[in-house]
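The values are calculated or read from the model by the stated rules, or taken from the named source; none is laboratory data. None of these values were measured; they are calculated from a predicted model. Glycine gets a Cβ as well: all are built from the backbone with ideal geometry, and neighbour counts include every protein chain shown. With ligands, DNA and RNA removed, areas are computed over all heavy atoms of the protein, side chains included. Shrake-Rupley method; radii C 1.70, N 1.55, O 1.52, S 1.80 Å.
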Amino acid sequence: MVFRVFLLFFALIPGAFADVCATDDAGQSLCLAVPAQRIATLSPGATELTFAAGAGDKVIAGVNYSDYPPAALKLPRVGNHTRIDLEALMALKPDLVITWVTGNPPAQIELLEELGIPLFAIEPRTFEGVSSVLERLSTLAGTEESGFAEAERFRKGIADITEEYRDAEPISVFYQVWEQPLMTINNDHLIGKVLQLCGGVNVFGDMPRLVPRISAEVVLEANPDAILTGSAEGESDGQLDRWKEYSGLSAVVRNNLIFVPASPISRPTPRLLEASKLICQKLEVARGH
C-alpha cells in the first residue's frame, strides 16, 4: 500500500518518469529511461562530438583514428568505422552507441539493433547541423549545460565569420581531397560550405556527387585561382607538387597552393570553426597575390 502511494505521488510530479528523447540524423527517435552513462562512438567524428557535448567522461569506447581530444587516445578500440568488433563492443556493455549514418556497415548496425542496443545515428551536413548534434548528444547524456553552451559558441562563431566575409571578393578555388585518385568536394559538402563562407567559389561546386572523382584535365580547364588541400599539420607535404608542372595554371602563377590542417576541416565538429577562420584568412591572402 505504501509503495503504491509512493508511485502515485511521483506520477503526479511532471517529468518524474519522463524519458530522455532525441531524433537522430537518420530521422529515428530514441528515448532513454535515464541519461546514458556508457557511450560507445563508432567514428572519429562521433567521438569528438560526444566529448564536445560534455560527455567525454561517459565515453567507454571509440574506433581507430579517434584522436581528438587527446583523452580520446586512451579509449579502448572496437575496430574502425567500416568494421566494428561487435564482440569487443558488447563486452563493454554500452547503454548508448553513436553511429555514423553513411560510414558504418549496415549489416553490423542492424545486428546491434536486433540485440536491443540503443543507437543514435549522426552525420551533420551543415553548420547548424553541428550545433544541433551537440545539443541532442548532450540531451541524451544529461550534459545539456555544457553541450548547449558549446553549440551556441559554434553557432555564434559561424555567424561572426559570415558577417566578416559577407562582401569578400569572390575567388575561384579547387579543394583537393585526395591526390590518387584525384578527388574533390561539391557545395553540399561541409568543406564546400566553408569555402562559400569565405567568399570562395568552388569550381566543382555543382557536381552531383558529394566527393567526386575528377581528372587533372578538368582542373586545368577550370583554372582555379587557388588550390587547397589538407595535410597532417597544415604544412606542405608534396600533395600539390603535381600542379607546379602547369606553369600557366592560375593558382601556380599566383603562388596559391594552400595547405590547412586536415583533421579540423574534414570532421563536422566544433573545430570546424577554427578551420573556417584559417581558410578565410588564407583565401584573403590569396586574393592579394
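Here are the numbers for this structure:
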item: Segment 97-108 residues that are without any contact (Cβ under 8 Å) to a residue 12 or more places away in the chain and within 14 Å of LEU49 (Cα to Cα), paired with ones that are aliphatic (A, V, I, L, M) and open to solvent by 30 Å² or more (accessible area, probe 1.4 Å) (beta carbon under 6 Å, 6 or more apart); result: none
item: Within segment 220-235, considering residues that are of a type in the set (Asp, Glu) and assigned to a loop (DSSP other than H, G, I, E, B), the one farthest from GLY288 (Cα to Cα); result: GLU233
item: Among (1) open to solvent by 30 Å² or more (accessible area, probe 1.4 Å); (2) of a type in the set (Ser, Thr, Tyr); (3) out of contact with any Pro (no Cβ under 8 Å at 6 or more places or on another chain) - the single one SER132 does not satisfy; result: (3)
item: Of all residues making up segment 262-285, the number that are under 27 Å from ASP167 (Cβ atoms) and touching a Leu at 6+ places or on another chain (Cβ under 9 Å); result: 10
item: Residues of segment 206-235 satisfying the condition of being within 24 Å of the chain's Cα centre (by Cα), open to solvent by 10 Å² or more (accessible area, probe 1.4 Å) and not acidic (Asp, Glu); result: MET207, PRO208, ARG209, LEU210, VAL211, ARG213, ILE214, GLY230, ALA232, GLY234
item: Evaluation of LEU134 against (1) closer than 12 Å to ALA53 by Cβ; (2) in contact with a Cys (Cβ under 9 Å, 6 or more places away or on another chain) (one fails), failing number; result: (2)
item: Looking only at segment 57-109, and only at residues there that are under 14 Å from ALA121 (Cα atoms) and surrounded by fewer than 17 Cβ atoms within 10 Å (Cβ to Cβ), the one that is modelled with the lowest pLDDT; result: THR102
item: Output for segment 22-36, where each listed residue is open to solvent by 30 Å² or more (accessible area, probe 1.4 Å) and touching a helix residue (DSSP H, G or I) at 6+ places or on another chain (Cβ under 6 Å); result: PRO35
item: Total residues in segment 35-63, condition under 16 Å from SER263 (Cβ atoms) and in contact with a His (Cβ under 8 Å, 6 or more places away or on another chain); result: 3
item: Whichever residue in segment 236-274 is without any contact (Cβ under 8 Å) to a residue 40 or more places away in the chain, in a helix (DSSP H, G or I) and among the hydrophobic types (A, V, I, L, M, F, W, C) and, among such residues, is surrounded by the fewest Cβ atoms within 10 Å (Cβ to Cβ); result: VAL253
item: Candidates ALA141, ALA159, ALA151, filtered to the one that is surrounded by fewer than 22 Cβ atoms within 10 Å (Cβ to Cβ) and either among the aliphatic types (A, V, I, L, M) or under 19 Å from the mean Cα position of the chain (by Cα) (or both); result: ALA159
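Residue-wise test of (1) under 21 Å from the mean Cα position of the chain (by Cα); (2) modelled with pLDDT under 95; (3) open to solvent by less than 10 Å² (accessible area, probe 1.4 Å).
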{"site": "VAL177", "(1), (2), (3)": "yes, no, no"}
{"site": "MET183", "(1), (2), (3)": "yes, no, no"}
{"site": "HIS189", "(1), (2), (3)": "yes, no, no"}
{"site": "GLY192", "(1), (2), (3)": "yes, no, yes"}
{"site": "GLY199", "(1), (2), (3)": "no, no, no"}
{"site": "VAL203", "(1), (2), (3)": "no, no, no"}
